[in-house]
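Below is one structure, written out as C-alpha cells, with a few remarks after it.
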Amino acid sequence: MNKTWFYRTLLSYIPVFFIVTSLLFFIFFQTLSQESKKEAAKANQFLAEQALATVDSALQAIDQKITFEILNNSNFSYFFSSEENIAARNIRMINTIHNLMVTTPLIDSIYIVRFDDSVVLTNSTSYTLESFPDRPYIEQMRSEPSNRWSDRRNYTEFAPSGSKPVISLTRGIPIHSREHGMLVMNVRTDSLLPLLSGMYNPETSYIHWLDRQGQDLLAAPGSESAAPLPRSGSSNEVFATETSEYTGWTVQTGLGHGSMFQLIFSLYNVWFFLGIILVIAGIGWMIYVTKKNYEPIALIISRIQAFSKRKHNELPGVPPGDEFNYIENTLENMFEQSLMLEQRYAADLSIKRKFFFYELLEGTRQVSIDDWIQEMDAFELPRTFGTQFVFVIEIDKYTAIKSKYSAKDVSLLKFALSSALQEIAQQHKGTTWTLWKTGDQLCGAWQLPLDTEEPDHQDEEELRAEEALNNLRAWVEKHLKFKVTIGIGESVDSPDALQDSYKEALDAIGFKTVLGGNKVIRRSSIVATRGELFEHLQLIYSLVQLFRVADEKWKEVLDQLFQEMRRNLLSRADTENLFSFLIYQLNLTMESMAAESAELWKKEALPKLQQQVKTFETIADLQLQLTSILDTFSIKLNQLRQNRNHHSVIGDVRAYMETHFANPDLSLDMLGETFGLNGKYLSKLFKEEYGVKFVDFLMDLRISHAKQLLLQTSLPVQTVAEQSGYLSPISFNRVFKKATGVSPGDFRRQNEKS
C-alpha cells in the first residue's frame, strides 16, 4: 500500500503549524506593547477624572444658580400669583429668564410651566400646555419627579425648526412640592464640547460621554446617539471609565489611533530569528507526530481491506480491496436507514399534533401559554399563539357523496379539500392546522398574522380570513363538484379558549338546517341578527338540555315552543326548518351518549321524528306526535341508564353539581375525590349518560342561575358572578356573553324594557 495517507496527514498539519507560529508572534508583540498600554491607561484615567470634574462643576453651578433664583427671586412667586394681570406677570418672568440665560452662557433655553391655568412661558412667548411641543416631557416629570439632570433627549420649541439634543434640569415651584408648577432648563449637548477641547487631542484620543440610557451625549445631532461600548483590542479600546455621582453619567476614554511600530521594528532581528527556530522545531515535531499517528491509521486501513474482501459479495459492484467504495456503500446504507427513521418520526409527530389539536378542541386538556410554547417546540411549529379562531367545514349531503364515489375517491376529494385550504390560507398570510374529526367535518384553527395588534387591524384580518374560507367554498363547488358549509367561531388569544371557539363554530354549523347549506356562517353574525327566530332557537336549546338529563320539564318547554309558533303564525316551511333544527340538535346530543343509547335513538326515535316533520298537516297534530315519540324514547332511555353500573353514581354527581354549582372550586378532580372515581373516567361516564360534557353542563347551571338573579334581583353584576361560581367578573362577562349573545348588564336592561 502506498503512503498517500501519510502525505495527507502530514499536509493536514501545515495550517495548524502556521496558526501556532502566528499566535506566538502575536503574543510576542502583545508582550512588548503591554507596558505602553499601562502608561496610556494611566493618562486616560487622569483625563477621565478631569473631564468628569469639569462638566460636573459647570452643571452644579447652573443647578445652584437656578435653585437660588427660585428661592430668592420674587418674580417667581409673582408669576404664580393670581392677584395681578397675566401680562405683567409674563413680562417680568420673561425678563428673569433672559437674565438667567445671559449670566449663564451654557443654558440654551428655559421655560416655566404654571399648572393652575396650564400655561408654558418660554424666553420668547407663551403656550398652552396642550400645544407645547415638549408636553410629553413635562407630563413625565410631573408624574415621575426627578431632581437629576436628564439623559440626552431631543427638544424643540418651534415644530418647523427641528429638534436639538439637550440635557434638562427640572425644578418644582415651590422647590420641594411642585404644587404650582415647574421650571425646565435645557443645555445643548454640543455646548459641553468647548469645556473638554483643551484636555485631549481628538486625533489620538477620544471621549465617550454616556448617559444612564447608554446614549452618547457628545454625538453630533442627527447621528446615532446610542454609543456601543468599544471592545477590548479594537482601535477604540476603552482605557478608563468613570461614573459621576452627581449626574449618573459615565465617561469612557481611550486611544483612537496609536501604535508601537518603531519599537517592534527595533526588535525585528530578535523575534525574526526566534521565529525561524520555532519553525524548524515545529517541522521536526510534525514529522515525528505524523509518524506516530500514522501507525493506528495504517492498522485501520488494513483491517478495512481485509473486511471488504470478505464482504464484497454482499455489496455488488464493489471490487475486493477497494476500501473507499466499501466505506461509501456503508455510509449510503446508514443514510437510507436515517432517512427511514426521519420519515417515521415525521409520521409520529403528525399524529401527536393531531391528537394535541383534538384535546384542545374537546377541552380535555388545559393548555397555558407556557405549555403551548413547550408543545410547539416539540412539534417544530411557531411558538407564538397570537390570535386564532376555529372553523368547521362540513360536507353537505355526505351520505349521497359516499354512495356516488368509492372510498378511495372520497379520500382523494377530502385530500384535495385539505390541500386547497392550506394553499388559500398561505395566499392570505394565515396559518392553519386541521383535523378530520368526523367523516364529513374538517376542523381547523386559523392563526391571524402575528403582526395583528390593533383592534381595527384584527377585524380586517378576520374579514380577510372569512373571505378566504368563502373562496374555498366557491372553489370546492366549482372544481370538486360538491358543496360545503363552513362555521366560524370567535377569535381567541389563549390556547385554553380554543374549545369555546370550536363550540361556536359547531353552533354556527347547526344553523345550516335553518339557513341552508353551501354558506359561510359566523356565530357572531347569527347572534347579531337574531329576532323572534332566535327566541325559538333558545327554546330548542333549553329543550335539548332538559331532555338529555331526563328532566320532565322538557315537555313544558316543548308546549311553550308550539305556543310561540302559533302566536307568530309561522309558515309550514319555517316550521319544517325549525323542527329540523330541533332534530339536528337532539341527534348531536344522542350521538355523544353511550353506544346503546345512540343506537336506540337511531332505530326508535330519529326516523319517526323525521317522518312526522315531513308529513304533518296541522301544528296540533305535529305537537301531539312529537310529544308522544319523545316521551316514549325518554322512558326507554331511562331504562337503559338504570341498567348501567354507574347510573346511580352519575345521578348523584349531577345532583351534587346542581346543589354546589356556585362553588368556584367545583371541578372534575373535586368530584372524583368526592365520589371515588378518576376525573377523566368520570367525565367520560357523564358524557355517555347525558350527552354533554361536564364543563358545558356546569356552565349551563351557572348561567341559568345568573339569569334568574339578573331578572329577579337588583344585585350588582359582580355579586351575581360570585353567587354563580365565578370569582372573576371578567370571566363571568365573557362566558355570559358567549352563552346569550349579550353582556349581563344588557341582558338585565333588555328584559326590564320588555
Original post:
Quick one: if the Förster radius is 25 Å, what FRET efficiency do Ile351 and Gln427 give, using the C-beta to C-beta distance and rounding to 0.05?
Top reply: 0.35
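Subtracting the Cα-Cα distance from 0.36 nm times the residue separation, let me have the gained length for Ala281 to Asp496 in nm, one decimal.
Stretched out fully, the Ala281 to Asp496 stretch lengthens by 70.4 nm.
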Subject >> Sequence-distant residues sharing a close amide H with Lys437 (under 5 Å, placed H) >> reply: Cys443
Original post:
Roughly speaking, what is the centre-to-centre gap between segment 80-110 and segment 675-723 when only Cα atoms are used, to the nearest Å?
Top reply: 69 Å
Subject >> Net charge of Cβ neighbours under 11 Å - reference Ser244; Lys, Arg +1; Asp, Glu -1 >> reply: -3
Subject >> Size-normalised alpha-carbon gyration radius of segment 635-749, reference 2.2 N^0.38 Å >> reply: 1.19
**OP:** Please report, largest first and rounded to whole Å, the three semi-axes of the ellipsoid equivalent to segment 551-630, where each semi-axis is the square root of five times an eigenvalue of the C-alpha gyration tensor.
**Re:** 23, 14, 11
Subject >> Loop-resident sites, segment 114-161, for chymotrypsin sites (Phe, Trp or Tyr not before Pro), counting at most 14 other Cβ within 10 Å (DSSP) >> reply: Phe158
Subject >> Which of Ala468, Val367, Thr387, positive extreme of dipole for segment 346-527 (C-beta unit charges) >> reply: Ala468
Subject >> Proximal aspartates and glutamates relative to Lys614, as straight alpha-carbon distance under 14 Å, when same-chain residues fewer than 8 apart are discounted >> reply: Asp574, Glu576
Subject >> Estimated dipole of segment 365-513 in Debye, rounded to 20 [Cβ of Lys and Arg +1, of Asp and Glu -1, Cα centre] >> reply: 1460 debye
Original post:
Which entries in Lys478/Lys737; Lys555/Lys737; Lys354/Lys608 show an alpha-carbon gap greater than 29 Å?
Top reply: Lys478/Lys737; Lys354/Lys608
**OP:** Return the subset of Lys408/Lys684; Lys553/Lys680; Lys437/Lys636; Lys402/Lys437; Lys636/Lys707; Lys352/Lys680 for which the Cα-Cα distance in this structure is over 22 Å, preserving the input order.
**Re:** Lys408/Lys684; Lys553/Lys680; Lys437/Lys636; Lys636/Lys707
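Coordinate-derived values only; no laboratory data. Keep in mind that this is a model prediction, so the values were computed, not measured. Virtual Cβ from ideal backbone geometry, glycine too; neighbours counted across all protein chains shown.
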